[in-house]
1. Quick one: order Phe631, Phe752, Phe886, Phe297 from most to least accessible surface, probe 1.4 Å.
2. Over the alpha-carbon set of the stretch 551-619, divide Rg by the Kirkwood Rh and report the Rg/Rh ratio to two decimals.
3. Give me the accessible area of Arg578, 1.4 Å probe, in Å² rounded to the nearest 10.
4. Placing unit charges on C-beta atoms (Lys and Arg positive, Asp and Glu negative, everything else neutral), compute the dipole magnitude of the chain about its Cα centre in debye, rounded to 20.
5. So if we plug the beta-carbon distance of Ser624 and Asn534 into 1/(1 + (r/R0)^6) with R0 = 35 Å, what FRET efficiency do we get, rounded to 0.05?
6. If the stretch 190-283 were replaced by its equivalent ellipsoid, with semi-axes equal to the square roots of 5 times the Cα gyration tensor eigenvalues, what would those be, largest first, whole Å?
7. Accessible area of Ile742, 1.4 Å probe, to the nearest 10 Å²?
8. Please list His925, His849 from largest to smallest accessible area, probe radius 1.4 Å, with all protein chains kept in place.
Amino acid sequence: MIYSSASRCSVNRSHVGFLFFLLVIGLHSLKAAGSVPDIRESPSEANLTVYVQPYYKYRNDGKPGREIILYFKERILKGDVKVAVKCDDKAEESKFQFENATNGVAVLLPEGVGVKVASSAQVNVYCSGKEYSATVAIPVKKQWTVYIYPHSHVDIGYTNLQETVRKLHVRNIDVGIDLAEKTQNYPEGARFIWNTEATWVVDEYLAQATPQQKAKFNNAVTKGWLQIDGGHSNINTSTCSDEELQMMFSNKLKIEQQTKVPIHTMVQMDLPGAAWGLVQAAKQSGIDGFINFPNYFDLRRVWDHKPFYWLGPDGKSKILFLQGSPYGYGYTVKGSKYGLKILQSYSDTIDRVSTKNPSANFIDPFIFHETDRLEREGSPYDIYAMTWSMADNCLIDADLPEAVKLWNQKYAYPKVIIAGSRDILNAYKEKYAAIIPTYSGDITEFWTEGLGSDALRVGMGRRAKENLVQAETLWPMLNGNKRPAPVNRFNDCWEQLLLSAEHTWGYQNPKAPLAKQVEANKAAYFENAEKQSNALIADALKNVKKINGGYISVFNTLSWARGGVVILDAKMSRAGNRVVDKNGTEMPVQRLSTGELIFYADNLPALGSKAYKVVPGTYKGNRSLKAGIGFLSNNQVKITLDKKTGNIISLLRLKDQKEFVNAASGFDLNSYNYVKGVRNGKDTVTAPTHATNAKISIKEIGPLLVSVSVQADAEGCKGLNREIRLYKSQPFVEIINTVDKISTRQKEGIHFGFGFNVPEGVTHMDIPLGVMQPERDQLKGTNKNWLAFQRWIDVSNQNSGVTWTSVESPIVEFGSITGNILDGARQGDLWEKHVSQPQTIISWMLNNHWDTNFPLEQGGIIKSRYGILLHGAYDAVTANHFGVEFNRPLIAVETTGKTKVNALVTIDNPEIMLLSYQKNGDSKHPEVKLRSVSDKPQKVNLQWKDGSEKLISIAPYGSVSVTK
């Protein structure tokens, strides 16, 4: 209890006991936090100690004052007691009366003392005719505002079947609205707000809501009771494609149409890090603020509570980024005590948690410790952002409004406010806009290695997203206005891909019986996406497809002219072994051992097609392809294999005898590296083992394709096959690696190494909506052990270079095998501080390093395809064209040869790429999305099919949406 200088009060026995209890608890908390200040005591009265508290309470004049506790070793305080405090030029007295002797009393310092500058207090205590004195240092303690973000962490499948998780989150919206309505008469700051965290939750809610529920929902959003953040879910954004990253905000746009309330923020829970290109995608969708509340067990301290304006790769898009406290605190102090069985269950008997003591298991002493840490680190801010979720996928804590109300009645500071992300970010902008810095670079993710836990499905997903974009383009090319694209089917396929990219891959206990069903449900997202994307391509072709029509039409869905190998199955090529175009010009062609016929289609027009005819006879073109046991070549490249391992030990460009294999790197090209163990605090990491007993055979040799097959023994696999291909007159290598994986729960990883000989080579990496250079374009404190790429990586010096790609495997290491560690919180010093030797690329195909959230094992046939293009100095257009073409093959179908392709749009700048051409429903005006791969500003002229033109300016690495 606190008394001003003019007051006098009698204190009874129970109050004395309670005060003593608070004193003991307070001292214990301060000592535990390491924040007990140095005390200067009067030599004659050393038994008086003054403890300065890390909070402010309300003085009798209503203003905040820092609390100090006066503590005596013996119970000497009895009867009339006067305490005089002098701080700087301020002096105050407080008077007390104790019926029973006690040894402690709390006093509030004058307003403003210790808020901005350190001070000292001279304390004199007068009791029973004696005077006791002490001088105590008053360290600076800011008057903190703590923003609490209530939510239930969206972890789809981590705690139960995905459908059960969905039902729980959907119901939480109704419960959150109910609590907000019931607490509207609470003091400001204590009124409940519910944050949905992910628009996936909102979209699922609206899909099943009654008209009455929708009306209440709209009202709650309008009043701010329900706050919605714009991201689809918690997604590994660096593994997304350009188009997928933009689709993250499609739900947001629909919800805004429903509520008429703009959404300007997004949050991400659990996952540490985010793709640099996310800035552009978010900004274009109306997002200008992003809060990340990561998991505790990751390298995160570098950016804790240090907001900055995050500048995108285009040097123009900018959003406010904040990394708040780890999201799991609510579980640590409360959820763990209540029990996950109740918190994470969906039942009709309980829809929220209420207790008799809302203040128990709340934010003290945690918040005192955290704010003290930030002040010691020199933080210029007095705002602290944290979340409140008692577990993943849990019931709402209905105690929170009452706990906040009671806290704010007790303390003036730290002040607690229940908030949404827009409140938190606005608070920073309103108070600190002038000092918030701007940074540009990738916040490279840490959890992306988990994708290696199901390499087969990841490959499906990567193929599906490329198929889907091709289908979206092919549909208007072939159907025009007569047959509108099936928008709902496209959206559903994108939804499957977004759920694939969502960060939850398995059950919290992968050994539990339920885990297999959760994993199967996750796998189905990938499987469905590939199946649906292929079906959409097939349906787009229906209008032109004609079995026995006499021709093969080949379609190019890209915005530049291209050539490429076309694959025809045995039925499509039954007419013969030669292919000619409509002019009778013969194409290079070859019948493969699989029964397929391949031919090379050259110079297909942008967003156009050509017709070819399969005819009887044999192609008699020039045969420049050669192969033997241990080598293969065309007129551009010669490859030499190690006869024991099957690795590529020489990749020679014939025109200048340039060798592209760096023998000193420790990694031959396409070398197999199997590593047991992971640095997780309990396992041991072994040295890599390699392929042995290689058996090399010629698989294909003809006028268009030469390939050798390398069958080898490989630890961790029943078998390893690597097929290396060269095509007629092409300076690139195609590699198809197939592992027959042995399923095991022993920690392991498979890495394919590519040590390139490009001295002083600079590495450029294609990422979603951007191009980055590892190390240079990574923000400090981010992951240097492994990175995710989109479609290509280029390593070039001023004279020569290679562009490398992998269709199915998105995770790479540079220089050495560094994908062998988990848990940044306890092993922070063991993580790489720099990216070493980026001229050596290591494709991390698979692993099973995690003990939760991801499958523990995988087995069976898994394929990964690679491409290597040899070229001169770095050219972004060449690199991008190679990477995109390798991932989006030409599309062939039987037709009558009279196929009419609708002219969509002509793009006159090769630095600019068409991302998508979408025409929704009956809309007369398609939306065209463009992306620049240049590091310089660009202009592009768009010419529409009616002859009209539009000149567009695009920033370096920029992306834009254009409507005719």
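The values are calculated or read from the model by the stated rules, or taken from the named source; none is laboratory data. A quick note: this is a predicted structure, and the numbers were derived from the prediction, not measured. Using ideal geometry, Cβ is built from the backbone for each residue, glycine included, and neighbour counts are taken over all protein chains shown. Accessible surface is based on the protein model in full, side chains and every heavy atom, while ligands, DNA and RNA are left aside. Shrake-Rupley method; radii C 1.70, N 1.55, O 1.52, S 1.80 Å.
1. Output order, biggest surface exposure first: Phe297, Phe631, Phe886, Phe752.
2. 0.96
3. 60
4. Using only the charged Cβ atoms, the result is roughly 1660 debye.
5. My answer for the efficiency is 0.50.
6. Semi-axes, largest first: 25, 14, 11 Å.
7. Counting only protein heavy atoms, the figure is 70 Å².
8. Result of the area sort, largest leading: His925, His849.
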